[in-house]
Amino acid sequence: MTPSPGTLLNTTSNFLLPPSFSTDEKERFDPTQFQESIVQGLNQTGTDLEAVAKFLDSSGAKLDYRRYAETLFDILVAGGMLAPGGALSDDMTRTNFCLFTAPEDVKTMKAYAQVFNKLIRRYKYLEKGFEEEIKKLLLFLKGFSESERNKLAMLTGILLANGSLSASILSSLFNDNLVKDGVSPAFAVKLFKMWINEKDINSVAASLRKVGMDNRLMELFPVNKRSYDHFSKYFTDAGLKELSDFARNQQSLGARKELQKELQEQMSQGVSFKEIIVYGKEEMKKSGISEQMVICIMWASIMGSVEWNKKEELVTEQAIKHLKQHSPLLKAFTTQGLSELTLLLRVQEYCYDNIHFMKAFQKIVLLLYKVDVLSEEAVLKWYTEAHLAKGKSVFLEQMKKFVEWLKNAEEESESEEETD
């Protein structure tokens, strides 16, 4: 089609432009012009990153950052447009002033992080595009040099620490090709070192949990190496013991959740106590879960396996009957004094959190004492020094007469021994 006399044909953008179309407008809508404008500006500002930030801030008014966000970020990171795989595209519009050509040190990476922070704060619509860019760059890691990967890892760690990026971007590191060649864990070491150094492991853990990444870190390794032992050795040897400990806690948490789910299912199906105990002991050994943790899970499973009466005067009787029936399960996992005390604290917490059980506490403890789940020593230690603050005055008052009886019985026993 022949353009009408009053128009010009823009072959790059493939749409008609009015005769008064200015240079600024060409830069705004033409990707080639956009790329050249950014490269020219970066060449002029050079290594002065404050000047780079000012240039990017002012250029947003005349350049279409929204449309060409990927082009903009490619140039800022690699100096030019990236082809699939991570190589620079063949066109000659490039700059030597970018992240990949900058010195590989923390100070410079922090300065670059500030450039991106300022740009995204000024043009908030770039947030999503920037996250997509980082995800893409991570998929291209094999196409970058070791130094370029290191700089990108440091920058990403800083941006994760200051909240400019969501930890969801880490999903790119689970790409099979990156994992298979060992690129993912090596990159993760640099990234997490910077992230933890800027914040701490608790902050990192919270960010990972927020987007469901806390249970996926094992995916940095091939399937045949996805074990806690391998993960721990790799990251501990790399100086990231905090990350190893976090992974261990996550593994334990997962095992605990699975254990509670299975126990509740077995109870609802009427599996014998003997079988439940065997299963619990095996899981305890296999997953390295302490007896104290298992008794908490067992208590929660037992108390969660019944629908409780809402009337206070009836729930106590119901609880005593239910716990007496299930006492063999509690007894099997209170072979240590610390486990008994842990159970007592959990009973106290449960009775406080569930108001209908407030008056049932003493009767539950007395039952557990009678069926040899709780020892005299555990009850006295709880009463004198180890109780929780929750409902303290109410529960100590309930236990007063029983504790006095225990103390008197203990004194009588000592007196008889002396006489003998």
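I'd like the full set of residues that are touching a helix residue (DSSP H, G or I) at 6+ places or on another chain (Cβ under 7 Å) and either free of Cβ contacts under 8 Å to residues at least 24 places away in the same chain or among the basic types (K, R) (or both), limited to segment 299-308. Write out each step before concluding.
Of the residues in segment 299-308, the ones touching a helix residue (DSSP H, G or I) at 6+ places or on another chain (Cβ under 7 Å) are 299-306, 308.
The one that is touching a helix residue (DSSP H, G or I) at 6+ places or on another chain (Cβ under 7 Å) and either free of Cβ contacts under 8 Å to residues at least 24 places away in the same chain or among the basic types (K, R) (or both): V306.
Residues of segment 338-382 being open to solvent by 20 Å² or more (accessible area, probe 1.4 Å) and among the small types (G, A, S), which ones?
Across segment 338-382, the qualifying residue is only S375.
Count, please, the residues in segment 299-329 that happen to be open to solvent by less than 90 Å² (accessible area, probe 1.4 Å) and not in a helix (DSSP H, G or I).
If we filter segment 299-329 for residues that are open to solvent by less than 90 Å² (accessible area, probe 1.4 Å), which is where we start, we get 299-306, 308-309, 312, 314-316, 318-320, 322-323, 326-329.
The next check asks that each one be not in a helix (DSSP H, G or I); those that pass are 304-306, 308-309.
Here the count works out to 5.
When you go through T71, T32, T47 one by one, which is the residue that is among the hydroxyl-bearing types (S, T, Y) and closer than 17 Å to E133 by Cβ?
Working: T32 fails: closer than 17 Å to E133 by Cβ; T47 fails: closer than 17 Å to E133 by Cβ.
Sole residue among the options that is among the hydroxyl-bearing types (S, T, Y) and closer than 17 Å to E133 by Cβ: T71.
Within segment 191-198, is there a residue that is open to solvent by less than 40 Å² (accessible area, probe 1.4 Å), more than 28 Å from R256 (Cβ to Cβ) and under 16 Å from the mean Cα position of the chain (by Cα)?
Checked against the condition, which is being open to solvent by less than 40 Å² (accessible area, probe 1.4 Å), more than 28 Å from R256 (Cβ to Cβ) and under 16 Å from the mean Cα position of the chain (by Cα), segment 191-198 yields at least one hit.
For (1) out of contact with any strand residue (DSSP E or B) (no Cβ under 8 Å at 6 or more places or on another chain); (2) of a type in the set (S, T, N, Q); (3) outside any helix (DSSP H, G or I), each residue gets a yes or a no:
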site	(1), (2), (3)
N117	yes, yes, no
E133	yes, no, no
S147	yes, yes, no
M154	yes, no, no
A188	yes, no, no
F192	yes, no, no
S207	yes, yes, no
G212	yes, no, yes
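Take A332 and decide whether it is under 20 Å from H387 (Cα atoms) and buried (at least 17 other Cβ atoms within 10 Å of the Cβ).
Working: under 20 Å from H387 (Cα atoms): no; buried (at least 17 other Cβ atoms within 10 Å of the Cβ): yes.
No; evaluated as a whole, the condition is false for this residue.
So which residues in segment 53-67 are in a helix (DSSP H, G or I) and open to solvent by 10 Å² or more (accessible area, probe 1.4 Å)?
As a first pass, look at segment 53-67 and keep what is in a helix (DSSP H, G or I): 53-59.
Within segment 53-67, A53, K54, F55, D57, S58 qualify.
Looking at E50, E70, E127, which one is open to solvent by 80 Å² or more (accessible area, probe 1.4 Å), more than 19 Å from A188 (Cα to Cα), in a helix (DSSP H, G or I) and touching a residue at least 40 places away in the same chain (Cβ under 8 Å)?
Checking each option against the conditions leaves just E70.
Kindly evaluate G280 against the criterion of being out of contact with any strand residue (DSSP E or B) (no Cβ under 7 Å at 6 or more places or on another chain) and buried (at least 20 other Cβ atoms within 10 Å of the Cβ).
Details: out of contact with any strand residue (DSSP E or B) (no Cβ under 7 Å at 6 or more places or on another chain): yes; buried (at least 20 other Cβ atoms within 10 Å of the Cβ): yes.
In short, yes.
Between a residue in segment 92-120 that is within 21 Å of S37 (Cβ to Cβ) and any residue that is outside any loop (DSSP other than H, G, I, E, B) and of a type in the set (K, R), which pairs come within a Cβ distance under 6 Å, given they are 6 or more apart or on different chains?
From residues that are within 21 Å of S37 (Cβ to Cβ), the pairs are L99/K151.
Inspect segment 243-256 for any residue being over 27 Å from M298 (Cα atoms) and either under 15 Å from the mean Cα position of the chain (by Cα) or charged (D, E, K, R) (or both) and give the result as yes or no. Spell out the reasoning first.
Our first condition is that a residue be over 27 Å from M298 (Cα atoms); within segment 243-256, this holds for 243-244.
Within this subset, residues satisfying the condition of being either under 15 Å from the mean Cα position of the chain (by Cα) or charged (D, E, K, R) (or both) are 243-244.
The answer is yes; a qualifying residue exists.
How many residues are surrounded by 14 or more Cβ atoms within 10 Å (Cβ to Cβ) and in a helix (DSSP H, G or I) if we restrict to segment 222-252?
Initially, segment 222-252 is screened for residues surrounded by 14 or more Cβ atoms within 10 Å (Cβ to Cβ), giving 222, 225-226, 228, 230-232, 234-236, 238, 240, 242-248, 250-252.
Within this subset, residues satisfying the condition of being in a helix (DSSP H, G or I) are 225, 228, 230-232, 234-236, 242-248, 250-252.
Counting residues in segment 222-252 that are surrounded by 14 or more Cβ atoms within 10 Å (Cβ to Cβ) and in a helix (DSSP H, G or I) gives 18.
Restricting attention to segment 163-176, does a residue exist that is in a helix (DSSP H, G or I) and farther than 23 Å from A87 by Cα? Show your work before the answer.
Narrowing segment 163-176 to residues in a helix (DSSP H, G or I): 167-174, 176.
Filter once more, so that each one left must be farther than 23 Å from A87 by Cα: 167-168.
Looking for residues that are in a helix (DSSP H, G or I) and farther than 23 Å from A87 by Cα, one finds at least one in segment 163-176, hence yes.
Residues to consider are A161, A186; find the one that is open to solvent by 40 Å² or more (accessible area, probe 1.4 Å) and among the aliphatic types (A, V, I, L, M).
Details: A161 fails: open to solvent by 40 Å² or more (accessible area, probe 1.4 Å).
Answer to the selection: A186.
The values are calculated or read from the model by the stated rules, or taken from the named source; none is laboratory data. What you see is a predicted model; the values in this text were computed from it and never measured. Neighbour counts are summed over all protein chains in view; Cβ atoms, including those assigned to glycine, are modelled from backbone coordinates with ideal geometry. Note: accessible area is taken over every heavy atom of the protein model, side chains too, but ligands, DNA and RNA are not part of it. Shrake-Rupley method; radii C 1.70, N 1.55, O 1.52, S 1.80 Å.
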